[in-house]
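K.L.:
Supplied in structure tokens, the structure appears directly below.
The values are calculated or read from the model by the stated rules, or taken from the named source; none is laboratory data. Please read all numbers here as calculations on a predicted model, not as lab measurements. Methodologically, a virtual Cβ is constructed for each residue, glycine included, from the backbone with ideal geometry; neighbour enumeration extends over all protein chains shown. When the accessible area is computed, the model is the full protein with side chains, heavy atoms only, and any ligands, DNA or RNA have been set aside. Shrake-Rupley method; radii C 1.70, N 1.55, O 1.52, S 1.80 Å.
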Amino acid sequence: MNKELDKVYKPLENEDKIYNKWEKSGFFNPDNLNLPESAKNYTIILPPPNITAKLHLGHAAMLAIEDLLVRYKRLKGFRTLWLPGTDHAAIATQNVVEKRIWQEQGKNRHDLGREKFLEEVWSFLGITQATILQQIKKMGASLDWSRLAFTLDEKRQKAVRVMFKNMYDEGVIYRGERLVNWCPRCHSTLADDEVEYKEEKAKLYWLKYGPFVLATTRPETKLGDTAVAVHPGDERYKQYVGKELEIEGVLGKFKVKVVADYAVDKDFGSGAIKVTPAHSFVDDEIARRHNLASKKIINEDGKMMSNCGKYAGLSSREARAAIVSDMEEMGLIDHVDENYVHNSAHCYRCGTVIEPLPSKQWFISVDKKLDRLGGKSLKEKAMEAAQDKIIEFIPSRFEKRYLDWMKNLHDWCISRQIWFGHQIPVWYKDNEIYCGLEKPKDEGWKQDPDTLDTWFSSGMWTFSTLGWPDNFVNGEKVGDLAKFHPTQLLETGYEIITLWVSRMIMMSYFAINEPPFEQVYLHGMVLDKKGKKMSKSKGNGIDPLEMAETFGADAVRLSLLMGSTPGNDTRFSEEKIEAKRNFINKLWNISRFILDYSKDELEKNIEIQNLEIKTSADKWILSSLLDLINKTEENLENNNFSLAAEELNDFTWNKLADWYLEVAKIEKGKEKILIFILRNILKLWHPFIPFVTEVVWGSFNDNLLMVETWPEVNELKELVKKFNDNNFSIIQNIIIAIRNARSENKVEPAKKLEAVIFGHDNKECIAKNIDVIKSLKTSISSLTVYEEGDKIEGSIMATSQGVEIFLIGAFDRDQELQRLHKEEENLDKLIKIQERKLNNDEFVKKAPETVVALERDKLEIYKTEQARIKKAINKL
RNA sequence: GGGCGCAUAGCUCAGUUGGUUAGAGCACUUCGUUUACACCGAAGGGGUCCAGGGUUCGAAUCCUUGUGCGCCCACCA
């Protein structure tokens, strides 16, 4: 079914068609792969993009990497599942919808009421979800759409409720009064990592405070003070520690305790601080250590409470101004630093200043020892997973970051005061509390209005998508859960380790007492040309879809994969995509050439046994291909995606196109080899650039490349080896011959080279190739082979094992021989050094295993040397 | 304050346990264009591998100090 191929590859005309073909084939679903029982599983769960999101380059990079791995494993015969889904992103989504409603209807969510508001959210999501999924398909992602999940769909709702109930029943989830980061505008708590710090100018007030002078930026919190703290070693204040003092305040006199605590910095301010346990995290900790009372004075609206006398009802900012002016009048302010700079905490969503508040919230205890985890806590178990290498981080340095963060982890506040999300499955009636999957039957129960932190449901993502809890019966996994969990790899951005990765690990251990994945691969951020984060507001974003329209999705994918390494940020530019588009077109034209050249062989099934190596060029290209297959496999297994693509590129362009195809033009009869090579490189390239490879494949095959089998090397190895037997390295012979000739000191330069080359066993083989070389003259300015004179023009191309000799270019014979001579001396020196080391008894005694390594090194050096000479000659 | 990363050609970056003359793409210069490909070919220029010190026969690579940049965590009362 050889189809005519256009002169230039046109991605737009092919990509959608190919994607439909893939999707229709059903092979995205591992159940349709017709694999033997013994086939191993390979599972990646797609990190669910925010449902309101549009595809950006970060997504595109994630998809490129994951699809690369998934397609590779599928070709390798794994039962490969890549499971798609989207995230409801509670706060973000609610904000988007709130903004829309405000713009369109001039109403806020309270005007609409909870039920009506949620209806609006859902109808909005109906539109956006289709968008992001469509965009993912454009990138060629081979996701199993039959298993599509959403963090807030019915199945996941059930999973979340079961999880919550199980944790509640075991006391892991508890309700408590804690100081939380409170956003007075969003009316919600924020997790520690949702708080952003900004450097801001503020006034630092020095207050007269009984016998102390204290510095503070928030004089209004004086109304909630219950203590003064000093450093334990501070001699200035030693006399006061443990005493109770009476302090004059704007609302009259009040009493505070003086405590000594290491949290106080002697050298900052006056070395003494006022303690407001209800509205400061540090103070709260001091209060806990010293059993101090806590007095709440600011409410959820950020206003002063009724216990603040005449200041009640003022916002904390207003109260500050009022109190400062009153204190000034009373002479309680010593002085003010006007230009003090401090870090202030802001809501990551709306930028409002955070108010630390004591509040009733739901928490997950990370320290509670659990029977189901063998007496260990979630934190211990999650740390163990990394320490014992049950979960491997790539690159490994992120393991440290993970562990550091886990070590300092406090109980996780999971309740959020927003409407969109998983509502907490707890009902109240009078003083009773009920936690269950459904509302109790009898009257009068009212559900907790709060919803769960979005990471609660995404933390369950690996197993909730695989059918937990239905697929977890009496502690045994069944169905998809048994088949695909733990998953093999989580691929995500490094910035999300703390938010997501850590939660997934804890949740998975709690639910099924196993890790959610074996490896965590962290990719970097995609930055713009200048190294800045891409963002809509800056207008420096590159739209991957726009790029895919212009250059093809393959080019976008390849440009994201090449030149980037795990965990490092990548700068990205349009020129890079263009370069990859050019390569893809090159591959396209290579294919066109081969398909035309070998058109008579296309229908035949080419077995390796039928391949015939006739010339050294044949052997060279096939042994290069053999190397390439091995290296590609090795690189992909080690997550060196960029390197793998580079080596593929080198083979395809520099070896195959620039050399072998040129040879094939002159020397006919390479049909089988060429078609064999084409089939192989299409397979090797397919995970990187699936569309174009599938199109080419489809032009001379009836089946899909996507489910072909990965190249098998053993037979190829045999074939290449057979040809090797009578072709020992000519480079070795060159070296030996030169050495002999020189030591005899009688051969003049010109003869040396001739003697070497023509004296070789493969005279015939070389002679044959010389014809090729001569006919290659078209691409060389002038060519004279093996003639007497000052210059030899031509080139030598050699492989480490073989005899490939073509001559191109020009070199000065004397200079060249001098150089070879020098190289040889260097080689001798190196080997002597190694030998000296080997003969040193003490050295040997000290490190016997090193000696073994050295033996190998010696070999390595020799090999490197060979390769280097090869390269030098090749370069001529 | 604690931690992590980066510094290699004009630009963007590779360089896997130390190994001989440090690579690629883009850009640049010259020449070419007889059909696989101008989204092309050939040739070429361009690097005290941030600086100082150390280990080694040998360092871009390992150790140390410093400088510059980026990120993360904590926190500034």
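K.L.:
Considering the alpha-carbon set of the range A:409-566 alone, what are its Rg and its Dmax in angstrom?
P.N.:
Values for the range A:409-566 (Cα only, Rg and Dmax): 21.2, 65 Å.
K.L.:
Using a/c under 1.5 as the rounded threshold, could you call the range A:106-161 rounded, prolate or oblate? The axes a ≥ b ≥ c are square roots of the C-alpha gyration tensor eigenvalues, and prolate needs a/b larger than b/c, oblate otherwise.
P.N.:
Verdict is oblate for the range A:106-161.
K.L.:
Another question about this same structure. With a sphere of radius 13 Å drawn around the Cβ of residue A:326, what net charge do the other residues whose Cβ falls strictly inside it have (Lys, Arg +1; Asp, Glu -1)? Show your work: numbers first, answer last.
P.N.:
Working: positive: A:222, A:310, A:320; negative: A:220, A:248, A:318, A:328, A:329.
Charge balance in the 13 Å sphere: -2.
K.L.:
Largest first and in whole Å, give the semi-axes of the range A:291-448's equivalent ellipsoid, each being the square root of 5 times a Cα gyration tensor eigenvalue.
P.N.:
Equivalent-ellipsoid dimensions as semi-axes: 40, 29, 15 Å.
K.L.:
Turning to a different aspect of this structure: Please list the three semi-axes, largest first and in whole Å, of the ellipsoid equivalent to the range A:54-108, using sqrt of 5 times the eigenvalues of its alpha carbon gyration tensor.
P.N.:
Equivalent-ellipsoid dimensions as semi-axes: 39, 11, 7 Å.
K.L.:
On a 27 Å Cα-Cα criterion, which of the cross-link pairs A:631/A:721; A:381/A:483; A:40/A:683 come out too long? Intermediate values should be presented prior to the final figure.
P.N.:
On the way: A:631/A:721 18 Å; A:381/A:483 23 Å; A:40/A:683 20 Å.
Pairs exceeding 27 Å: none.
K.L.:
Using only protein heavy atoms and a 1.4 Å probe, report how much of residue A:485 is accessible, in Å² to the nearest 10.
P.N.:
The accessible area of residue A:485 comes to roughly 10 Å².
K.L.:
OK, next. Averaged over every viewing direction, what's the projected area of the C-alpha convex hull for the range A:390-454? Give it in nm², one decimal, please.
P.N.:
Averaged projected area of the range A:390-454's Cα convex hull equals 7.3 nm².
K.L.:
Something else: Listed highest first by mean packing, meaning other Cβ atoms within 10 Å per residue, what order do A:470-481, A:78-89 come in?
P.N.:
On the way: A:470-481: 14.8, A:78-89: 23.8.
So the peptides A:470-481, A:78-89, ranked by packing, come out A:78-89, A:470-481.
K.L.:
Still on this structure, I have one more. Ignoring ligands and nucleic acids, what accessible area does residue A:133 show with a 1.4 Å probe (Å², nearest 10)?
P.N.:
Number for this one is 30 Å².
K.L.:
Just in the range A:397-462: which trypsin sites (Lys or Arg not before Pro) are loop by DSSP and have at most 15 other Cβ atoms within 10 Å? Write down the numbers at each step before the final one.
P.N.:
Details: sites: A:397, A:400, A:401, A:407, A:416, A:429, A:441, A:446; in loops: A:441.
Within the range A:397-462, the qualifying trypsin sites (Lys or Arg not before Pro) (loop, at most 15 other Cβ atoms within 10 Å) are A:441.
K.L.:
Could I ask something else about it? For the range A:554-700, what is the convex hull volume of its Cα atoms per residue in Å³?
P.N.:
So the per-residue Cα hull volume is 102 Å³.
K.L.:
For the range A:335-399, what's the radius of gyration and Dmax over Cα atoms, in angstrom?
P.N.:
Answer for the range A:335-399, Rg first and Dmax second: 20.2, 58 Å.
K.L.:
Continuing with this model, one more query. Residues with beta-carbon under 9 Å from that of residue A:377, excluding residue A:377: net charge, scoring Lys, Arg +1 and Asp, Glu -1?
P.N.:
Net of charged neighbours comes to +3.
K.L.:
Enter the per residue convex hull volume of the range A:208-345, computed from alpha-carbon coordinates, in Å³ rounded to the nearest integer.
P.N.:
113
K.L.:
What nm value, rounded to one decimal, do you get for the distance between residue A:16 and residue A:148 when each label is placed 7 Å out toward the C-beta?
P.N.:
Here the answer is 1.7 nm between the modelled labels.
K.L.:
Which translational diffusion coefficient, to the nearest whole µm²/s, is obtained for the range A:244-284 from the Stokes-Einstein equation, given a Kirkwood hydrodynamic radius over C-alpha pairs, 20 °C and 1.002 mPa s?
P.N.:
Calculated translational D: 184 µm²/s.
K.L.:
Moving to a separate point now. Once you order the gyration tensor axes a ≥ b ≥ c over the Cα atoms, which shape class does the range A:1-139 get: rounded for a/c under 1.5, otherwise prolate or oblate by comparing a/b with b/c?
P.N.:
Taking the square roots of the gyration eigenvalues as a ≥ b ≥ c, the range A:1-139 is prolate.
K.L.:
Given A:233, A:133, A:212, which one lies farthest toward the positive end of the charge dipole of the range A:101-247, if we put +1 on the Cβ of every Lys and Arg and -1 on the Cβ of every Asp and Glu?
P.N.:
A:133
K.L.:
Among A:720, A:638, A:695, whose Cα sits farthest toward the positive end of the charge dipole of the range A:621-732 (+1 at Cβ of Lys/Arg, -1 at Cβ of Asp/Glu, about the Cα centre)?
P.N.:
Toward the positive end, the furthest listed residue is A:720.
K.L.:
Roughly how big is the range A:422-492's charge dipole about its Cα centre, with Cβ charges of +1 (Lys, Arg) and -1 (Asp, Glu), in debye to the nearest 20?
P.N.:
200
K.L.:
Here's something else I'd like to know. Over 19 Å between Cα atoms: which of A:257/A:296; A:21/A:138; A:619/A:655; A:165/A:368; A:369/A:407; A:116/A:429 fall into that group?
P.N.:
Check vs 19 Å cut-off fails for A:116/A:429.
K.L.:
Quick check on my link table: of A:201/A:222; A:274/A:303; A:295/A:360; A:107/A:360; A:274/A:360, which ones sit more than 18 Å apart, alpha carbon to alpha carbon? Intermediate values should be presented prior to the final figure.
P.N.:
On the way: A:201/A:222 21 Å; A:274/A:303 21 Å; A:295/A:360 15 Å; A:107/A:360 29 Å; A:274/A:360 25 Å.
From A:201/A:222; A:274/A:303; A:295/A:360; A:107/A:360; A:274/A:360, over 18 Å: A:201/A:222; A:274/A:303; A:107/A:360; A:274/A:360.
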